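The values are calculated or read from the model by the stated rules, or taken from the named source; none is laboratory data. Every value quoted in this text rests on a predicted model; they were computed, and no experiment measured them. Please note: Cβ atoms are built from the backbone with ideal geometry, for glycine as well, and neighbour counts cover all protein chains shown. These area figures cover heavy atoms from the full protein model, side chains too; ligands, DNA and RNA do not enter into them. Shrake-Rupley method; radii C 1.70, N 1.55, O 1.52, S 1.80 Å.
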Amino acid sequence: MFRPSAQRLRGLQLLSCGLRDSLGRPRWVSRREAGLTTYFHPGINLKKIHYDSIKLYETLEEETGQAVGFHQPGSIRIATTPVRVDEFKYQMTRTGWHATEQYIIEPEKIQEMFPLLNMNKVLAGLYNPGDGHIDPYSLTMALAAGARKYGALLKYPAPVTSLTSRSDGTWDVETPQGSLRANRIVNAAGFWAREVGQMIGLEHPLIPVQHQYVVTSSIPEVKALKRELPVLRDLEGSYYLRQERDGLLFGPYESQEKMKVQDSWVTSGVPPGFGKELFESDLDRIMEHVEAAMEMVPVLKTADIINVVNGPITYSPDILPMVGPHQGVRNYWVAIGFGYGIIHAGGVGKYLSDWILHGEPPFDLIELDPNRYGKWTTTQYTEAKARESYGFNNIVGYPKEERFAGRPTQRVSGLYKTLESKCSMGFHAGWEQPHWFYKPGQDNQYRPSFRRTNWFEPVGCEYKQVMQRVGVIDLSPFGKFNIKGQDSIRLLDHLFANVIPKVGFTNISHMLTPKGRVYAELTVSHQSLGEFLLITGSGSELHDLRWIEEAAVKGGYDVEIKNITDELGVLGVAGPRARKVLQKLTPEDLSDDAFKFLQTKTLKVSNIPVTAIRISYTGELGWELYHRQEDSAALYDAIMNAGQEEGIDNFGTYAMNALRLEKAFRAWGSEMNCDTNPLEAGLEYFVKLNKPADFIGKQALKQIKAKGLKRRLVCLTLATDDVDPEGNESIWYHGKVVGNTTSGSYSYSIQKSLAFAYVPIELSEVGQEVEVELLGKNYPAVIIQEPLVLTEPARNRLQKNIERTKLEKDLYQPVEL
């Protein structure tokens, strides 16, 4: 435990802690890890983690005086199929607006850089300058030396034997060297992270898997090279390969059927004293990859294998680490589950230390939030997903990707059995939710693609269903919280930038960070005086709950906060005939005057108790019906039967996304997150800077407004061919990247692509022309006045104004005498 004397400490303690054995001794790692470093990551946010790690490692030797053995020959990912070339193009547009250098290179350039390669199947390469490898042991020692230099005290052996939380939020940490008092603790215990979690009643979803790599003896052709070979990643062969002195080192990722999980560590714990040990090698398990490597790099055929290293790697279900504060436990943070520990270590250390020092995450990294998992994440699920994730290390990464191992979990809505044979389900925080529905005779297979695929036409039909008739959607994965108590209004007024809605009404509200960034978006319904129903997206459930709970504790608010996500099901009913269908099932007056937009009421639908909110993310006339999970099937059947005359049918989240984009509805995680402020995101309507309460982020937001914005969210239309924007594509203007899209879809109303994008303020006017890069081609785009399609309430107001104007004109028509 140490208190940093300078912010420069960054990731020093974190990596050091993660590389220790069960006795707290530094773990000798150079035999176990290949030490690969790369700027590349298919995700958007983790590129920043990789970048920060490499930049730290580049300066570490000079800063600490400790050699780290850092080689940066670059790396090349090899494409041997056309779809892989498409993937490279897809990744290029997602990199253009980042600091990382990345290029698609032709076969001739690949052969020049890697002359030992068999070029027969090579179509293209994805090249990252500055990639390479580092000696893990030397890196660990350098980080430790740097930590000491800046004031850290490292003690070992010092295994933690117990953790006790105190009422003031601090911790007592017991070790054989005595007890320590800590303001917060960070679980960075590597293989022992599960056991540390269990000390405080948490079951972290982690599982160790075995990973092998092979080292050859000296190879004459390698020895004769005048410069070091770039790291090679043969994606179809599913292995990496790099130069190791005058030989080669290569490590395969075998299929989920062949890979081996060290499940005994899950059931019985890590063996006492485990540190330098390795598992017995098993070449048969990886032989097909060895043969693929020999075909791609023929000099391997005559090389001698001098070492096969088989060691453990800790996997989370989705292969991404878990980083940040944990919901439900005060001042308990984690940095665990690193399938690629070396490249993540430095960046994650910086990220965590910045968050701890400044009280908010330095940038959006919700994909690493430990709270993305919950009670539904069982050991069986974790093992199934870890197998899948390991085996899928090098598969093509498509947009809208689904992975099916371990599904469904125990967390299914009351409609799962009813709908599973009618639709393509998507995975949302343990839930199964319909993405799109198919009719008899339609292609119902999962066919991922970088271009329009088999769901394109069915989603168009669902779009028309909602716009012209009435549709039903299962929204049960929403996160749902009940908050009440004598301080509930004060708490929410402090948390949210919007005003508190009146009793019986709902509004859209945003929680901001101290620096004025958008931490979360929720709908807030004031059900009875001082009692609220809060709704958030499925992926934000525990992320948002933790923030709310932390604010309640820090402020000493007298409130009761209850997570009721699994108790309530939600059905959305939307479309011009929604009122007519629901009115058949309830005596409650649903007319526009009696049940206004954003009003909430408790009523019965087909004699089933529901909390009805007149709101719809489609922007059309609609209600969200919150009810007991066990009533979902009966409520759904009643609504579907009542709507037969109105032509009722199902719709899924893909159609809802197209509908919300046309209405210019923002989405948290896309248009707004911890990288954006609400003013640049166009959320001024929901931010009340003049309200009396000093909500979190208010002062920072006033300063942002006074200084003026540098960029703004705009809506674009673009005419493409068979590809649509997804989000995170590069925006070009006069040959330079000037911004990025945040989300996109095909607009079925104007039959063009539609996207939100951030652009510089000087390029944000309606009519401005830019270009959007999609699969290696720049498509002309134009900024339009939003929304493309008016919402149903806006259309009603417009129609009433027209009628009022016409009536006034008729009443005051001059009379000729």
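Points to keep in mind about this one:
- Each residue in segment 678-694 was checked for being under 12 Å from I500 (Cα atoms) and out of contact with any helix residue (DSSP H, G or I) (no Cβ under 6 Å at 6 or more places or on another chain), and 5 of them qualify.
- Subset of segment 760-807 that is in contact (Cβ under 8 Å) with a residue 24 or more places away in the chain, within 18 Å of G96 (Cα to Cα) and among the charged types (D, E, K, R) - its residue that is surrounded by the most Cβ atoms within 10 Å (Cβ to Cβ): E773
- Considering only residues in segment 705-717 that are surrounded by 19 or more Cβ atoms within 10 Å (Cβ to Cβ) and touching a residue at least 60 places away in the same chain (Cβ under 8 Å), the one that is nearest to E762 (Cα to Cα) turns out to be V714.
- The residue pairs whose first member lies in segment 114-127 and is without any contact (Cβ under 8 Å) to a residue 60 or more places away in the chain, whose second member is open to solvent by 10 Å² or more (accessible area, probe 1.4 Å) and hydrophobic (A, V, I, L, M, F, W, C), and whose beta carbons are closer than 6 Å, counting only pairs six or more residues apart or on different chains, are L123/V85; A124/V85; A124/I104; G125/I105.
- Segment 291-307 residues that are within 13 Å of G251 (Cα to Cα), paired with ones that are open to solvent by 80 Å² or more (accessible area, probe 1.4 Å) (beta carbon under 8 Å, 6 or more apart): A292/E236; M294/K301
- Of all residue pairs spaced 6 or more apart or on separate chains, those with beta-carbon atoms under 8 Å, a first member in segment 725-746 that is closer than 13 Å to H98 by Cα and a second member that is open to solvent by 50 Å² or more (accessible area, probe 1.4 Å) and at pLDDT below 95 are S730/W97; I731/W97; V737/W97; G739/W97; N740/W97.
- Search result, residues across segment 443-495 that are in contact (Cβ under 8 Å) with a residue 40 or more places away in the chain and among the basic types (K, R): R451, R452, K464, R469, K480, K484, R490
- Conditions (1) over 30 Å from D318 (Cα atoms); (2) open to solvent by less than 10 Å² (accessible area, probe 1.4 Å); (3) assigned to a loop (DSSP other than H, G, I, E, B); number of the one not met by L491: (3)
- Qualifying residues in segment 398-434 (those that are open to solvent by less than 40 Å² (accessible area, probe 1.4 Å), outside any strand (DSSP E or B) and in contact with a strand residue (DSSP E or B) (Cβ under 7 Å, 6 or more places away or on another chain)) - the one nearest to D631 (Cα to Cα): G414
- Hits in segment 310-325 - residues which are assigned to a loop (DSSP other than H, G, I, E, B) and either open to solvent by less than 30 Å² (accessible area, probe 1.4 Å) or under 26 Å from L139 (Cα atoms) (or both): S316, P317, I319, L320, P321
- Hey, I615 of a type in the set (A, V, I, L, M, F, W, C), open to solvent by 20 Å² or more (accessible area, probe 1.4 Å), closer than 15 Å to I483 by Cβ and at pLDDT 95 or above or not: no
- The listed residues are V173, V186, and the only one of them that is in a strand (DSSP E or B), closer than 25 Å to M322 by Cα and open to solvent by less than 30 Å² (accessible area, probe 1.4 Å) turns out to be V173.
- For beta carbons closer than 7 Å, sequence separation of 6+ or different chains, a first residue in segment 92-107 that is more than 24 Å from M119 (Cα to Cα) and a second that is open to solvent by less than 70 Å² (accessible area, probe 1.4 Å) and among the β-branched types (V, I, T), the qualifying pairs are R94/I44; G96/V737; W97/V737.
Conditions (1) surrounded by fewer than 24 Cβ atoms within 10 Å (Cβ to Cβ); (2) touching a His at 6+ places or on another chain (Cβ under 6 Å); (3) of a type in the set (F, W, Y); (4) under 27 Å from R387 (Cβ atoms), marked per residue:
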| position | (1), (2), (3), (4) |
| --- | --- |
| V308 | yes, no, no, yes |
| N331 | yes, no, no, no |
| G339 | yes, no, no, yes |
| H344 | no, no, no, yes |
| I356 | yes, no, no, no |
| E360 | yes, no, no, no |
| D369 | yes, yes, no, yes |
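- Checking each residue in segment 640-683 for being closer than 26 Å to P361 by Cβ, of a type in the set (F, W, Y) and in contact with a strand residue (DSSP E or B) (Cβ under 7 Å, 6 or more places away or on another chain) picks out only W668.
- L225 touching a residue at least 40 places away in the same chain (Cβ under 8 Å), aliphatic (A, V, I, L, M), open to solvent by 10 Å² or more (accessible area, probe 1.4 Å) and assigned to a loop (DSSP other than H, G, I, E, B): yes
- Conditions (1) in a strand (DSSP E or B); (2) surrounded by fewer than 20 Cβ atoms within 10 Å (Cβ to Cβ); number of the one not met by Q212: (2)
- Any strands (runs of 3 or more DSSP E) falling wholly within segment 543-621 and containing at least 1 residues that are of a type in the set (S, T, Y) and in contact with a Ser or Thr (Cβ under 6 Å, 6 or more places away or on another chain): 600-605, 608-613
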